[in-house]
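*Asks:* Sharing a structure, written as structure tokens. Questions coming.
The values are calculated or read from the model by the stated rules, or taken from the named source; none is laboratory data. Please read these numbers as outputs of a predicted model, since none were measured by experiment. Heads up, the Cβs are rebuilt from the backbone with ideal geometry, glycines too, and the neighbour counts pull from every protein chain shown.
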Amino acid sequence: MQDYVFPSGRKAVAVVSGVVTLAVMGLGSQAQAASYGTPSLSLSAAYLSGAVGATGDPVVQVTVAQSGADASALAVSVTKSSKTTVATTGDVTVTGTGTTRQVAVAARGQGYTDLTVKVTGVDGQTATKTLHYAASAAVQRSADSRYFTGSSDASAAVDVGGGYAVVADDESNVLRLYDRSASGAPVKTWDFSSKIGVSKEIDIEGAARVGDTIYWTGSLGNNKDGEYKSARNTVFTTKVTGSGAATTLSYGGAYAKLRDNLVAWDEANGDRYGFAAGTAAGQVPKQIDGFNVEGLEFAPGSTTTAYIGFRAPLAPAVTGGKALIVPVTNIDKVVGSGASATFGTPIELDLGGLSIRDIRKNASNQYLIVAGSWAADDNSDPYALYSWDGDPAHAPVKRLDLPTSDPGGWESVVDVPDLTVPGARAQLITDDGSADLYGDSTDAKDLTHPEWKKSRATWFTVTG
């Protein structure tokens, strides 16, 4: 063995076999490589949903690192797509610097693809992760549409200010806070099932806000098989603190007998609407003579009288019948202290043979009503948007027919703009639970990954 002395006076050791190992840090390419660790990357979500032609689709955050290296020097790319008809590597954009980057995908076709995300270290070492991407088909008004992910069965929504809304789901009891201007996952979620005392779905279908209190109601009807499920006979409240992204909900109270009160009231008034038969064992709720609540809003100028809007029955329960509203005149005491509900004079509205899917008003007592069929075949029946002044003696006015060629049924209107202002817009949300979003014959509510479940929120101009 022989020592070699460099000009600086430092020594290296040479092995007789001829293999020389540099033992001095900073000398030679092998020593340089040994000073860096293996690069790493992590994805904020392994599953991502987009839509063909969409605006503002959600993105995935990529966090990268390599010991001994500045994160800004690491390169992030997408190197492979398993199905290029859905998205190619050229349809993927990587932005950002430093530790966190963003990956956005512009879908070119409906379906699924796995995208390989790669980080390359300063010394050429690499690491990869797979991003599982799903793209739904293009829709009408795509520039005005956003997708709320994490759930596909949006059924009621309430504005909480600052461009945010709390959205309910009729397949679970989770309330979700969304940014109304962006596609993506909820900012916050709440589930008050344990405080309400239910273990099954409430089938939340309607909501209304008065002051800092939001009232939520189940459908009050049987399930799709005609069976009574007690959790569906629930009205509950949440208290709102803060607004926008800082919104917080806390539990108020609940009432579990509104359906019973409605049936008793109808029987006492000559069985006018057939509520007893509509709630009988074996009766499917989504029939023209069924029993199914989907709308909830307060009467003009009132904080105690709530309008209960029915999807079924029609009044009378024949083709071309009118939509039914039953006022609950003491909703505050019903939920606040468990008082039995008292009812006002029922209201029958001509919505062209359609029934109420949602009803919402603004501070000026201007109402918008989402009208749809009582039937369950949501994707083929007509929908329309009506305005109304809340006066039982006044007829509602059709504002527009809603598009029905895209997946999903129109279920919710978030808030009501000033209907005296030209060009006013309202945001409506679909229930996409029964929709085949990705072309594989799977209902959205049955998808295995919440990131692929979504409902569509679309802005419509409602005044000329």
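*Asks:* Restricting to region 235-260, name every residue that is in a helix (DSSP H, G or I) and surrounded by fewer than 18 Cβ atoms within 10 Å (Cβ to Cβ).
*Replies:* Hits for region 235-260 are 244, 245, 246, 260.
*Asks:* Go through region 154-199 and give me each residue that's among the charged types (D, E, K, R) and either in contact (Cβ under 8 Å) with a residue 24 or more places away in the chain or farther than 17 Å from residue 249 by Cα (or both).
*Replies:* Result: 159, 169, 170, 171, 176, 179, 180, 188, 195.
*Asks:* For the structure I just gave you, tell me whether residue 412 is small (Gly, Ala, Ser) and either closer than 30 Å to residue 113 by Cβ or out of contact with any strand residue (DSSP E or B) (no Cβ under 8 Å at 6 or more places or on another chain) (or both).
*Replies:* Here the answer is no, as residue 412 does not meet what is asked.
*Asks:* Could you run through region 261-286 and say how many residues are surrounded by 18 or more Cβ atoms within 10 Å (Cβ to Cβ) and of a type in the set (Gly, Ala, Ser)?
*Replies:* Selection size over region 261-286: 2.
*Asks:* Among the candidates 107, 134, 143, 154, which residue alone is closer than 30 Å to residue 358 by Cβ and surrounded by fewer than 16 Cβ atoms within 10 Å (Cβ to Cβ)?
*Replies:* Of the residues listed, the single one that is closer than 30 Å to residue 358 by Cβ and surrounded by fewer than 16 Cβ atoms within 10 Å (Cβ to Cβ) is 143.
A quick yes/no check of all residues on (1) within 16 Å of residue 258 (Cβ to Cβ); (2) touching a Phe, Trp or Tyr at 6+ places or on another chain (Cβ under 7 Å); (3) charged (D, E, K, R):
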position: 300; (1), (2), (3): no, no, no
position: 320; (1), (2), (3): no, no, no
position: 326; (1), (2), (3): yes, yes, no
position: 335; (1), (2), (3): yes, yes, no
position: 338; (1), (2), (3): yes, yes, no
position: 341; (1), (2), (3): yes, no, no
position: 354; (1), (2), (3): no, no, no
position: 369; (1), (2), (3): no, yes, no
position: 377; (1), (2), (3): no, no, yes
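*Asks:* Something else now. Given the conditions (1) buried (at least 18 other Cβ atoms within 10 Å of the Cβ); (2) part of a loop (DSSP other than H, G, I, E, B); (3) at pLDDT 95 or above, report the number of the one that residue 386 does not fulfil.
*Replies:* Unmet for residue 386, out of (1) buried (at least 18 other Cβ atoms within 10 Å of the Cβ); (2) part of a loop (DSSP other than H, G, I, E, B); (3) at pLDDT 95 or above: (2).
*Asks:* If you check every pair at least six apart or on different chains, which have Cβ atoms under 6 Å apart with a residue in region 362-378 that is closer than 13 Å to residue 396 by Cα and assigned by TED's automatic domain parsing to the domain that holds residue 404 first and a residue that is acidic (Asp, Glu) and part of a strand (DSSP E or B) second?
*Replies:* Matching pairs, first to second residue: 370/358.
*Asks:* Just name the residue that is farthest from residue 53 (Cα to Cα) out of those in region 77-104 that are of a type outside the set (Lys, Arg) and buried (at least 19 other Cβ atoms within 10 Å of the Cβ).
*Replies:* So, considering only residues that are of a type outside the set (Lys, Arg) and buried (at least 19 other Cβ atoms within 10 Å of the Cβ), the one farthest from residue 53 (Cα to Cα) is 78.
*Asks:* Can you pull out the residues in region 416-452 that are of a type in the set (Ser, Thr, Tyr), farther than 14 Å from residue 367 by Cα and assigned to a loop (DSSP other than H, G, I, E, B)?
*Replies:* 434, 438, 441, 442, 448
*Asks:* Now for a different question. Does residue 319 satisfy the criteria of being of a type in the set (S, T, N, Q) and closer than 16 Å to residue 373 by Cβ?
*Replies:* yes
*Asks:* Assigned by TED's automatic domain parsing to the domain that holds residue 123, of a type in the set (Ser, Thr, Tyr) and under 23 Å from residue 121 (Cα atoms), is that true of residue 95?
*Replies:* Judged against the criteria, residue 95 is a match.
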